[in-house]
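Engineer: Got a structure for you, questions after.
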Amino acid sequence: MSNSNQNPVHAALLNFAKLGEPGRDKFISRMNEFLLASPKRRKSMQSHWAGEQRETAASLHPFNDEDAQD
């Protein structure tokens, strides 16, 4: 594995290690679901997760685009 690929993997493993038991169980369950899914379902899952991530980021940002136009 190249050095550039290790940092994201290590970061993911460290974040996993920081989870409590319920979080680890949920992560493992979701990972298994993803690994066993069809390619079409995997793409759908990724799109769903990206949308959730965007929603979370938007809710944390104090201003949205509409505020900038006022």
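The values are calculated or read from the model by the stated rules, or taken from the named source; none is laboratory data. From a predicted model like this one, the values you see are computed outputs, not experimental measurements. Using ideal geometry, Cβ is built from the backbone for each residue, glycine included, and neighbour counts are taken over all protein chains shown. Note: accessible area is taken over every heavy atom of the protein model, side chains too, but ligands, DNA and RNA are not part of it. Shrake-Rupley method; radii C 1.70, N 1.55, O 1.52, S 1.80 Å.
Engineer: Looking at (1) at pLDDT 95 or above; (2) open to solvent by 90 Å² or more (accessible area, probe 1.4 Å), can you tell me which one residue 65 breaks?
Structural biologist: Result: residue 65 passes all but (1).
Engineer: Let me ask something else about it. Please determine whether any residue of the stretch 3-18 is touching a Lys or Arg at 6+ places or on another chain (Cβ under 9 Å) and modelled with pLDDT of 85 or more.
Structural biologist: yes
Engineer: I've got another one for you. For the stretch 44-56, which residues satisfy the criterion of being under 13 Å from the mean Cα position of the chain (by Cα) and surrounded by 11 or more Cβ atoms within 10 Å (Cβ to Cβ)? Before the answer, list the steps.
Structural biologist: Taking the stretch 44-56 first, the residues under 13 Å from the mean Cα position of the chain (by Cα) are 45-56.
Of everything in the stretch 44-56, those that are under 13 Å from the mean Cα position of the chain (by Cα) and surrounded by 11 or more Cβ atoms within 10 Å (Cβ to Cβ) turn out to be 45, 46, 49.
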